[in-house]
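Inspection log for the structure reproduced underneath, given as structure tokens.
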Amino acid sequence: MTNIFTEMSALAARHGAINLGQGFPDEDGPRTMIETAVAAMRDGHNQYPPVPGVAELRAAIAAHQERFYALAFDPEENVVVTAGASEAITAAILSAVSVGDEVVALEPFYDLYGAAVRMAGATLIPVRLRGPLHTLDPAELESVITPRTKAIIVNSPHNPTGAVLDLGALHGIAEVATKHDLTVISDEVYEHITFDGRPHLPIATLPGMWERTVTISSAGRRSP
């Protein structure tokens, strides 16, 4: 599974070019997180973790969802930790679709979506966000649904536009997903990085969506 951004970074380094293909943070992240990781390794926490993730971390993730969104998760049953959000996205797609299925994604989209869908033997169907505010037309989403559609990938806050889907768009997606019995894979890695005071609302908070939504976030995407 090829990542074009990684390839462009390698080419930029090889030729001494300015790299416009992959974003790199200007800072190393909170010093407390670095020191906590160092302390954990010195204390012997350096072996394979439980497959679903360390229990304390899963409990912290569940507490985060309840604190910010009033979503009640059982850390033992509803939370899994992966090696980065890309692994979570890929695992969610591979578990939701099979050969010959279709997956809808909001375009433009993170290149991994297409690679993971192809890995599953499925087809990616794009639905473009319309400018200038990069909004979604639920009717356009409905128009691409076929009997082969199994999942919708929702990315809000959106990469690369920074758009946050409003409540109307989220309700439109929820209606389509419920009507056609679709899984929603909600990529929310930028949940705490929004602009113009627009709040992020997880689609799993809408009626009937908790049961059909796989919510994905990342500790590597956090506002200062």
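General observations
- Filter result for Ala83 (farther than 21 Å from Trp210 by Cα and either at pLDDT 90 or above or surrounded by fewer than 16 Cβ atoms within 10 Å (Cβ to Cβ) (or both)): yes
- Residue match in the range 142-165 (condition: in contact with a strand residue (DSSP E or B) (Cβ under 8 Å, 6 or more places away or on another chain), charged (D, E, K, R), part of a helix (DSSP H, G or I) and surrounded by fewer than 20 Cβ atoms within 10 Å (Cβ to Cβ)): no
- Residue list for the range 201-214, restricted to those being within 15 Å of Gln65 (Cβ to Cβ), in contact with a Leu (Cβ under 9 Å, 6 or more places away or on another chain) and not hydroxyl-bearing (Ser, Thr, Tyr): Leu201, Pro202, Ile203, Ala204, Leu206, Met209, Trp210
- Cβ pairs under 9 Å, 6+ apart, first in the range 148-163 and without any contact (Cβ under 8 Å) to a residue 40 or more places away in the chain and at positive phi, second hydroxyl-bearing (Ser, Thr, Tyr) and surrounded by 20 or more Cβ atoms within 10 Å (Cβ to Cβ): Gly162/Tyr190
- Number of the condition not met by Arg31 [criteria: (1) free of Cβ contacts under 8 Å to residues at least 24 places away in the same chain; (2) farther than 21 Å from Glu191 by Cβ; (3) of a type outside the set (S, T, N, Q); (4) touching a helix residue (DSSP H, G or I) at 6+ places or on another chain (Cβ under 8 Å)]: (4)
- Ala120 vs. criteria in contact with a strand residue (DSSP E or B) (Cβ under 9 Å, 6 or more places away or on another chain) and either over 21 Å from Thr205 (Cβ atoms) or loosely packed, with under 14 Cβ neighbours inside 10 Å (or both): yes
- For the residues Arg212, Arg198, the requirement of being surrounded by fewer than 21 Cβ atoms within 10 Å (Cβ to Cβ), within 17 Å of the chain's Cα centre (by Cα) and of a type in the set (D, E, K, R) singles out Arg212.
- Of all residues in the range 129-141, those being modelled with pLDDT of 95 or more and part of a strand (DSSP E or B) number 0.
The values are calculated or read from the model by the stated rules, or taken from the named source; none is laboratory data. Just so we're clear, the structure is a prediction, and the values are computed from it rather than from any experiment. Every residue, glycine as well, gets a Cβ built from its backbone with ideal geometry; the counts of neighbours run over all protein chains shown.
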